[in-house]
Structures are given as structure tokens and as C-alpha cells.
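Colleague: Attaching a single structure in C-alpha cells format; questions to follow.
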Amino acid sequence: MTTNYLIIGSGIAGLTFAVKIAEKFPGRTVTIITKSNDDETNTKYAQGGIAVVLNNKADSFDKHVNDTLIAGDGLCDAFIVKMVVREGPKRLKELIDWGANFDTNKNGSFSLGKEGGHSEHRVLHHKDITGYEIERALFQRVNQLKNIIVLSYHFAIDLITNKCLNSTKVTDLTCYGAYVLNQKTNEILTIKAQNTILASGGIGTIYGHTTNPLIATGDGIAMANRAKAKIKDMEFIQFHPTVLLNSKKGSSFLISEAVRGFGAYLRNSKGNRFMVSYDNRAELASRDIVSQSIHKELKKTGDDCVFLDCTHLPIDVFKEKFPSIYNKCLSEEINVSKDWIPVVPAAHYLCGGVVVDMHGRTSITNLFSCGEVSRTGLHGANRLASNSLLEALVYAHNIFMFLSENNNLHSTVNVPSLNYNPAHHTEERVLIKNITKELQTIMRSHAGIVRSNDQLNRGLKELNIIYNKVEELYKTSKITTSLCELRNMINTAYLIINQSLKRTENKGGYFNSDYETKKTLKKDRCV
Ligand code: FAD
Ligand code: SIN
């Protein structure tokens, strides 16, 4: 199969690029592959919203830039931050033109929420299901464009580069598409593409306890790593502070930061508003600070969770703003008007990833990367809330602009099929499940909110053991999605641990207890 544009992923990043390029070039083919049903993405679960400066009286681009830089703890690329923030209103307008609806006030202006690290109200939202609304609108537009093909249940196994085509040493890498498993027929396809856009999202499943859906297994990071693309900042995993405690199933349901923006308090089991003693911004400090503070608080008290107290908030407005959070809590017998919500931090977002320039170009020719899988320089050591959807919109546009102006429609090369032994029929489902659990335990205990060099090194040793088991399985068993995902998660886990070991000071979402004494006081980052 041959296509002009192969897009791996159907979240906000992949779909936005697809719509733009397909609209501009109706004669060209745009193929989106996605490994689950069409809309199963991190995007679909986004709650809080998109940060965009619209209220020019109270807010300004400079304020949003400044908040992003403070959240990123000195490691953002200031040029990129300015570019993304300034592009925000234009990119948002396009999303609205494609049919996405955002909540408005009685006077018709957009209702703007506030989240941690933001000095102003600037987060556009659709109740507490903003991502669901964005996916809906983008798919509606995708389905109107005849030159877009969406292949659901198609799993990208590996990128095709000149390294796969040529056994001799290549220095300038070029991408020619991807090997893809049709998950329904088990056929392995070779999809040749003139341009490949990696929009494969995040990695939360590596930790088990995560806000991310199961599809977030770091496939794009692992594929890019195997293809020798540059990957950076993998130590900066963002843990969201307020995930509904579920000791049996593992906590995964997010209680949006917008709830704290609406005035909810964090309390420990004694009822103390502990955030006041950690940061001047209290509950609205940036996410790294709140998660690390909760971690310290739990260590002090020995409790399993802290609590989000909404009991002083107007319940009618709460229900209107956060209907799915309200109902989810009710289904767990928590009435937010009377009960505190038990919450814990959980893995939420990968700040690092595949390195791209401002046009979304990776270090491999004809391979672009967009959305959570990419590392643009916007987030530095910690992403500011609601900057991720914004980043995906802006970079999808930048890649589109680059490819519109630099017409890369070279003739395709001959690509061999994936070197794979189809005689392998064994499917080791139970083993794969068990090793996945082992991996998640390793990552939670050795590469979590607070790390140490000793723990990281122990994590590496434990990873080596499961790596060997899984590589052996990969050589001898049938290629399945879960086996490939496990292999990718292990690959990504290595990057997280190895890049953590290379960082020798605490920054943003990276906290290593060996460097505690050297650490800048978090309060220094207060506005
Ligand atoms: P995704 O939306 O995750 O899409 C990835 C796609 O890649 C999926 O279609 C997946 O199937 C596909 N894929 C992956 N691997 C393969 C493979 N091997 N083969 C084929 N397909 C593959 N950010 C904000 O800015 N504001 C918010 O309010 C917000 N709230 C959030 C709430 C939750 C619960 C979560 C989980 C995240 C939230 N985020 C928020 C973060 C944000 O939603 C994500 O970072 C963003 O949506 C990522 O978009 P994406 O297009 O890069 O990836
Ligand atoms: C949230 O709603 O708390 C998530 C926002 C984000 O991840 O940006």
C-alpha cells in the first residue's frame, strides 16, 4: 500500500494534520492508522480544556508565556513557548470552524477556566469532557473528506527507514512509511509513504496507575528509538495530583485540575489544607509541585490518599461544570456536596519525547512528529496545564505549512516485507499480562514521583531481566499487539530510567532524593 501521508494516531495531533492537508490537497491520499477503535485516544479523555489567550484585558500573551516558563522550571525553549502561545487564538478558531463547541457565559463570551500554574482564567472547555468534544468535531470533519482513509485496528509495528533497506551503514536516515499489523486479519502490511507523521500519543500505561487509556504504551517513542531518531527529556513524567483513589482496580479516573481552579481545597486526613505550607499558590501551584507535595504528605501521615474538598462550593454550578466528575463520584458513593473525594497522584503526561524542530521535523528525513509523542521544547521540565491540546494544534499546523511549502512527493523506493517468521503461532497471553504487571511495578517503585539513583539502578537491573524474556518471546512467538506493546513499553522504560540517571539536579517533574539538598526551593518558582 502506498500513500502520500501516513499518519500514525487518531488523536488531536493526527486528525488536525489530516484535515488540513486533505483540505488543501484533495488529489493526495492521507492514511490514518490507529490501533484501537477510531477515537480511543488520550485526547478523548481530556477534561480541563485548551489554554488560549482570548481575554486581552485581563490576560496577555506575555502572561501565558511567563506561566509556561515558570511551570517548565527553566528548561522550556522560550522561542517555542512564544510561538505556540501566539498561534493559539488562530488555531483555536479553526477548531471552532470545524464544529467544536466550547462553553460560553450568559453574555456569549467564552467561559474561561483556571488551572494550576495559570495566573489568569484562560482555559476553554466543554464541560468536563473537552477532549471528547474535540475528537467528535475532528472526526466529523475527517469523515467529510474523501481523500482521508482511516484504518482502525491497525497497529504500527516499526517505521521503515533506509536502515532497514540497506544493511550497510547509513548516516542520513530517511523514513519511507511503516510496517503495520492488521489486528483483525493478523496480516502484516507494508505501508509506503512519502511523509510519515508520528502522532501516537503518550506512555501512561507503563506505570499502570495512570489517567491514560490502555492504548498509551509509548509505541511511537519505541519505534522512533529503534529507528534511531533523537529522543529527549524522558525523565520528565508528569504525575497528575488528583486521580480518584481506587485501591482495587488502580486509580485512573481524573478529577480535573479545573475543580481546584473552581475553588476546591486539598486536605490531609486531619483536615489540614497542607498545600498552603508548600507553595504560595497553594492548590493552584503547578502540577509537579502539587504531586510532590502530596507524596511528601502521604509519607508523613502514612495515609493512602489525600482529599479534595468541594463541600463549600455551589453544588448546582459544580454539577453544571463537571457533570461527569460529579456522576462518577456518585457512582462510587461519594456525594461531592458532602463528602471529600479521596485522591492520589498518577502518571498523566510525557513532557519529553521525539525531538522536533519548529516545523515538527524529527532527526529522520520525512518523519514528522506531533502531539504528546513529540518533544518540542514547549514544556521544559513540567507541562503547564491545558498546554498539550494547544501544542498539538499548533504543531499539526506547522507540519502542514512546512509540507505545503516543501512539496515532498518523491518517488517511492522498493521496500521489503517485514522480516518475520510466520510459522510462529504461539501466543503467550498470560505471560505477556504478567510481565506487563511486573514492568508497571518496576516503574512505580523505581521511577515514580520521587526517585533515587539507587532505585533507578535497581530498576535497570529488573528491566534487564524482563527485557531478555520479552526479546526471546518476540523472536519465537506470533506478532501480536500486546506483545509489541510490551516490547515498546520496556524500550520506553529504559529511556525513562537511563535519561533520569543522566540528570543530576532536580527540575520540574524530575525529583531525585539524592539531590534534595541541592534543589532550588520550590517556593522560588512562585509568582
Ligand atoms: P492521543 O490523543 O493519545 O492519540 C494517540 C493515537 O495514536 C491513538 O489513536 C492511538 O491508538 C494511536 N497509536 C498509538 N500507538 C499506535 C500504534 N503502534 N499503531 C497505531 N496507532 C497507534 N491536555 C490538555 O491540554 N488539556 C486537558 O484538559 C487535558 N486533560 C487530560 C485528561 C486526561 C484524562 C488525559 C489522559 C490527558 C489529558 N490531557 C490534557 C493531555 C492530552 O489529552 C494529550 O496529551 C493529547 O490529547 C495527546 O494527543 P495526541 O494526538 O498526541 O495523542
Ligand atoms: C485536567 O483537566 O486536570 C487535565 C488538564 C491537563 O492535563 O492539561
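The values are calculated or read from the model by the stated rules, or taken from the named source; none is laboratory data. Keep in mind it's a predicted model, so treat the numbers as computed, not measured. A quick note on method: Cβ atoms are made from the backbone with ideal geometry, for glycine too, and the neighbour counts reach across all protein chains shown. Ligands, DNA and RNA are stripped out before the accessible areas are found, and what is left, the full protein with its side chains, is counted by its heavy atoms. Shrake-Rupley method; radii C 1.70, N 1.55, O 1.52, S 1.80 Å.
Colleague: List, please: which pairs have Cβ atoms under 9 Å, are six or more places apart or on different chains, and start with a residue in the stretch 501-516 that is part of a helix (DSSP H, G or I) and end with one that is among the hydroxyl-bearing types (Ser, Thr, Tyr) and open to solvent by 10 Å² or more (accessible area, probe 1.4 Å)?
Modeller: Short answer, once both residue conditions are applied: SER513/SER452; ASP514/SER452; ASP514/THR504; TYR515/THR504.
Colleague: Suppose we keep only residues that are in contact with a Lys or Arg (Cβ under 7 Å, 6 or more places away or on another chain) and closer than 19 Å to ALA258 by Cβ within the stretch 369-392. Which one would you say is farthest from ligand 1 (Cβ to nearest atom)?
Modeller: ASN382
Colleague: What single numbered condition from (1) open to solvent by 50 Å² or more (accessible area, probe 1.4 Å); (2) modelled with pLDDT of 95 or more; (3) within 16 Å of ligand 2 (Cβ to nearest atom) fails to hold for SER252?
Modeller: (2)
Colleague: Do we have LEU389 as more than 15 Å from ligand 2 (Cβ to nearest atom), at pLDDT 95 or above, outside any loop (DSSP other than H, G, I, E, B) and of a type in the set (A, V, I, L, M, F, W, C) here?
Modeller: Here the answer is no, as LEU389 does not meet what is asked.
Colleague: Could you check the stretch 23-48 and list, in sequence order, the residues that are outside any loop (DSSP other than H, G, I, E, B) and either near ligand 1 (Cβ under 6 Å from one of its atoms) or charged (D, E, K, R) (or both)?
Modeller: GLU23, LYS24, ILE33, THR34, THR43, LYS44, TYR45
Colleague: What single numbered condition from (1) over 29 Å from LEU214 (Cβ atoms); (2) more than 16 Å from ligand 1 (Cβ to nearest atom); (3) open to solvent by less than 40 Å² (accessible area, probe 1.4 Å) fails to hold for ILE294?
Modeller: (1)
Colleague: Would you confirm whether any residue within the stretch 194-201 is in contact (Cβ under 8 Å) with a residue 12 or more places away in the chain, within 24 Å of TYR467 (Cα to Cα) and in contact with a helix residue (DSSP H, G or I) (Cβ under 7 Å, 6 or more places away or on another chain)?
Modeller: There is at least one residue in the stretch 194-201 that is in contact (Cβ under 8 Å) with a residue 12 or more places away in the chain, within 24 Å of TYR467 (Cα to Cα) and in contact with a helix residue (DSSP H, G or I) (Cβ under 7 Å, 6 or more places away or on another chain).
Colleague: Report, by residue number, each residue of the stretch 49-91 that is small (Gly, Ala, Ser), touching a Lys or Arg at 6+ places or on another chain (Cβ under 8 Å) and within 16 Å of ligand 1 (Cβ to nearest atom).
Modeller: Selection gives ALA51, ALA71, GLY72.
Colleague: Same structure again: Can you tell me which of (1) touching a residue at least 24 places away in the same chain (Cβ under 8 Å); (2) within 22 Å of the chain's Cα centre (by Cα) is the one ALA78 doesn't meet?
Modeller: The one condition ALA78 does not meet is (1).
Colleague: Of the residues that sit in the stretch 186-214 and are within 21 Å of GLU40 (Cα to Cα) and assigned to a strand (DSSP E or B), which one is farthest from ligand 2 (Cβ to nearest atom)?
Modeller: Residue satisfying both the conditions and the ranking: THR196.
Colleague: For the condition open to solvent by less than 40 Å² (accessible area, probe 1.4 Å) and without any contact (Cβ under 8 Å) to a residue 40 or more places away in the chain, what is the one hit in SER111, SER36?
Modeller: Answer to the selection: SER111.
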